[in-house]
Structure formats: C-alpha cells, structure tokens
Amino acid sequence: MFFHTQRLQFEAKPEKPDPVYAHKLQELIGGAYGEMSVMMQYLFQGWNTRLKGKYKDLIMDIATEEIGHVEMLATMVARLLEGAPATATTKQAVSDPAVGAVIAGMDPQQAIIAGGGPLPADSNGYPWNGRYAVASGNLLADFYANVAAEAQSRLQTARLYNMTDDPGVKHMLKFNLARDTVHQNQWLAAIEQLREDGLESVVVPGGLEDEEYREHAETLWHLSDGTESTEGLWAAGPAPDGEHQLGVVENPQPLGDVATAPPPDPRLYDTYDGSQGKPRGPVVGTETGLKGKVKDALTPDE
C-alpha cells in the first residue's frame with residue numbers, strides 16, 4: 001500500500017518557461033536511466049526480495065522515494081511548458097536557427113498527447129520500456145545494477161545541470177545530484193553488507209566454483225591490438241573474490257571447432273547444398289504433430 005502527499009520532496013519551480021529544456025529533461029523521466037527506470041527497478045526488486053528485514057526495507061524506502069522523483073520532474077516539465085507551444089517555442093527557434101532545426105522546440109507530443117505536460121518517454125519521445133528495469137531476485141546482481149543505474153542517472157543529471165541557466169531548475173537538480181550520490185553510496189554499502197552477512201561474495205551467482213573450468217576463470221585474453229591492457233590490476237595478482245589469481249594469455253588460440261550451422265530443415269528453405277547431410281529432426285515450429293509423425297514414420301524415404 002502506498003500513500004501520497006501533495007507536497008513535493010523538493011521544490012520544482014523554474015524561473016521562466018523553457019519548452020526546449022523541457023524536451024531535454026524528459027530524459028530524466030523516461031530514459032533508460034531515468035527516474036521511471038529506477039522507480040520500477042527498485043519496486044520490483046523489493047517485491048521480489050525473499051529476505052525479510054533490512055534489505056527489503058532499504059529497497060522499498062529508496063523505491064518509494066523514486067516515485068516522488070518522477071512526480072517532481074514531471075511537475076518541473078509541466079511548469080517549463082507553461083505557455084507553450086503558442087509563443088515560447090517559436091521564440092526559441094527563431095532566436096537560434098540551429099535549435100529550431102534540430103529540436104524544433106518542445107516535443108510535439110507534449111502538447112498533442114499530454115496537453116502541455118510531461119510524457120512517460122525519453123528526450124527523443126521514445127516511450128519508457130519495462131526492459132530497462134532489472135530485478136533478478138539475486139540481491140548482489142541487483143545491487144550491482146543499482147549502482148550502475150544511479151551512476152548513469154547522476155551523469156545525465158550533471159550534463160543537464162550544465163545545459164540550463166535557470167536558477168530554479170538548477171536548484172532542483174542540485175537536490176537530484178545529491179540523492180544520486182547517496183543512493184550510489186547506499187547500494188555500495190549494501191553490497192558490502194551482503195558479504196559481511198555471509199549471503200553473497202563478489203561474483204554472481206555464488207556456487208558452481210567446482211563446476212566451472214577454473215583455468216578459464218583467471219585470465220585476460222589479449223585479443224585487441226592495443227598494448228596496455230596488461231598494465232591494470234585486472235591482469236595480475238589476486239582477484240577481488242580472493243579465490244583466483246589473475247593473469248594474461250598473450251597469444252590466445254581458439255579452443256573450439258569451426259563454426260558451422262547444422263543442416264537446415266528443408267521446410268525453412270535455407271540455401272543449402274546438402275554437404276552436411278540431412279537434419280536430425282524438424283526445427284521448433286515445423287513439427288507435424290502426432291498424426292503427421294506417424295504418417296512420416298510409415299512413409300518410406302524417397
């Protein structure tokens with residue numbers, strides 16, 4: 001159950017309308033690393049958490065905060081669009097032909113579809129996609145993803161911070177930057193907490209160490225013509241998991257056979273000369289069913 005209060009977590013009042021910047025700010029709402037993404041990512045991680053207690057509580061605290069961030073940014077976009085598209089967009093485009101040609105002012109869908117408001121979309125108008133959200137059920141994998149999401153979000157917020165001179169917009173973005181900072185630190189601390197509690201290690205997932213080919217779990221294959229990849233911490237010494245010693249294969253050789261696709265099912269009409277013989281059986285989607293299989297079994301090959 002969620003409760004909503006009408007007050008924003010932080011103020012979102014621009015000094016003046018700016019439909020061009022409202023177009024850009026859509027990225028922080030519906031982009032791949034926007035607030036909708038982390039909101040849905042953390043909500044589903046929380047709902048999918050199998051542990052009671054502090055981990056689920058942390059995830060749900062931050063997830064619920066992110067709902068408020070979406071509302072805060074949506075309110076800012078709506079206020080930046082005040083008066084558009086009637087006058088402000090035209091003035092922007094006329095004063096700067098490059099802006100007019102490339103951006104053409106606000107996203108037309110902000111007016112046509114949203115009635116002068118924000119959209120669940122990125123700065124190109126592409127709708128937010130549920131595949132942006134990562135919720136695997138493995139908290140270590142999810143917390144790694146969360147650190148990356150907050151890092152990308154803070155990076156994009158920093159870039160947008162330098163794309164405006166509006167004091168009101170900068171005032172809000174300073175808060176967003178700070179929250180992205182603390183969330184990165186909290187997810188990093190949560191990763192350490194998982195290790196301290198003995199729930200996870202470094203590599204995802206734990207286990208199967210006795211199953212994997214250990215000799216291939218310790219080496220960097222030098223496969224580019226760059227000459228300096230062997231100079232980092234990833235190329236020598238103990239691995240972060242404490243279980244492996246890192247090294248380099250200087251002249252790696254292929255360990256597998258020649259890459260060839262199997263003989264195709266003739267009903268798929270791939271170009272084929274018969275050199276690899278006949279297919280072992282029908283590919284998925286071309287099976288004949290029980291009646292057809294009986295018929296095929298009774299029909300002699302031609």
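What separates the Cα centres of segment 210-270 and segment 23-75 is a distance of 36 Å.
Can you give the accessible area per residue of the chain, in Å², using a 1.4 Å probe?
Details: 19040 Å² over 302 residues.
I get 63 Å² per residue for the chain.
Taking the Cα atoms of segment 96-244, the ratio Rg/Rh between the radius of gyration and the Kirkwood radius comes to 1.10.
For the chain, the number of Lys pairs with C-alpha atoms closer than 24 Å, counting only pairs eight or more positions apart or on separate chains, is 15.
Equivalent ellipsoid of segment 144-210: semi-axes from √(5λ) of the C-alpha gyration tensor, largest first, are 35, 12, 5 Å.
Per-residue ellipticity at 222 nm from helix content only, as computed over the chain with -39500 (n - 2.57) for each DSSP H run of at least four residues, stands at -14000 deg cm²/dmol.
Dipole of the chain computed with +1 at Lys/Arg Cβ and -1 at Asp/Glu Cβ about the Cα centre; of N124, G237, Q276, farthest Cα towards the positive end is N124.
Roll a 1.4 angstrom probe over the protein heavy atoms and tell me the percent of accessible area of the chain that is carbon or sulfur. Intermediate results must be reported in sequence, preceding the final value.
Numbers: 10620 of 19040 Å².
The C+S portion of the solvent-accessible surface of the chain is 56 percent.
Output the peptides 214-225, 24-35 sorted from most to least packed, where packing is the average of other Cβ atoms within 10 Å over each peptide's residues.
Working: 214-225: 11.8, 24-35: 23.7.
Going by the mean number of other Cβ atoms within 10 Å, highest first, we get 24-35, 214-225.
How much of the pair distance distribution for the chain lies past 31 Å, counting alpha-carbon pairs only, in percent? When every Cα pair of the chain is considered, 55 percent fall beyond 31 Å.
The values are calculated or read from the model by the stated rules, or taken from the named source; none is laboratory data. This structure is a prediction, so every number in the text was calculated from the model and none was measured. Neighbour counts are summed over all protein chains in view; Cβ atoms, including those assigned to glycine, are modelled from backbone coordinates with ideal geometry. To get the accessible areas, we keep the full protein, side chains included, count just its heavy atoms, and leave off ligands, DNA and RNA. Shrake-Rupley method; radii C 1.70, N 1.55, O 1.52, S 1.80 Å.
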